[in-house]
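The values are calculated or read from the model by the stated rules, or taken from the named source; none is laboratory data. Keep in mind it's a predicted model, so treat the numbers as computed, not measured. Cβ placement follows ideal geometry from the backbone for every residue including glycine, while neighbour counts extend to all protein chains displayed. SASA here: full protein model, heavy atoms, side chains in, ligands and nucleic acids out. Shrake-Rupley method; radii C 1.70, N 1.55, O 1.52, S 1.80 Å.
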Amino acid sequence: MIMPGIYRKSREEVRQGMAEGFASFLKGSTVIDKLGTIRFLGENAAVAVSEAGVRFPGETEVPADRMVYATWVLEKRGGTWLVAAYHNSPAVLPS
């Protein structure tokens with residue numbers, strides 16, 4: 001998982017980071033994720049691009065400066081689609 005200022009190399013690092021976030025500053029938040037495109041690379045792999053953002057308690061929309069474009073590398077294993085890699089970057093460049 002690669003996000004601005006974050007690089008997590010293992011599934012355990014991702015789990016730990018998400019648990020810490022949802023126990024603190026992300027508590028009560030929701031994520032919006034709008035699929036933009038998906039490209040299948042055979043039967044068991046795909047790359048998807050979405051526009052996403054975190055909506056904090058009390059917010060009805062995600063401010064534009066917190067929206068990101070995300071790239072998902074997906075792998076189908078045992079009939080289930082799994083995230084093999086994830087990356088995001090700001091959708092709006094800082095001024």
Please give every one of the aspartates and glutamates within straight-line cross-link reach of Lys76, meaning a C-alpha to C-alpha distance under 17 Å, and leave out same-chain neighbours fewer than 8 residues apart.
-> Glu43
What relative contact order, as a whole-number percentage, does the chain give when Cα pairs under 8 Å and 6 or more residues apart are counted?
-> 24 percent
Around Ser29 (Cβ within 15 Å, Cβ-to-Cβ, excluding Ser29; K/R +1, D/E -1) the net charge comes to -1
On a 0 to 90 degree scale, rounded to 10, what angle separates helix 11-23 from the longest Cα axis of the chain?
-> 20 degrees
Determine, from the Cβ-Cβ distance of Glu43 and Gln16 and an R0 of 35 Å, the FRET efficiency 1/(1 + (r/R0)^6), rounded to the nearest 0.05.
-> 0.60
Which distance in Å, rounded to a whole number, links the C-alpha centroids of the range 20-52 and the range 55-70?
-> 14 Å
For the chain, what % of the accessible area comes from carbon and sulfur atoms, probe 1.4 Å?
-> 58 percent
Solvent exposure of the chain as accessible area per residue, Å², 1.4 Å probe = 72 Å²
Options (i) 36; (ii) 39; (iii) 28 for percent of Cα pairs over 22 Å apart; the value derived from the coordinates is listed as (i)
Let me know the longest stretch in the chain that avoids all GluC sites (Glu not before Pro) found in a DSSP loop with at most 10 other C-beta atoms within 10 Å.
-> 1-42
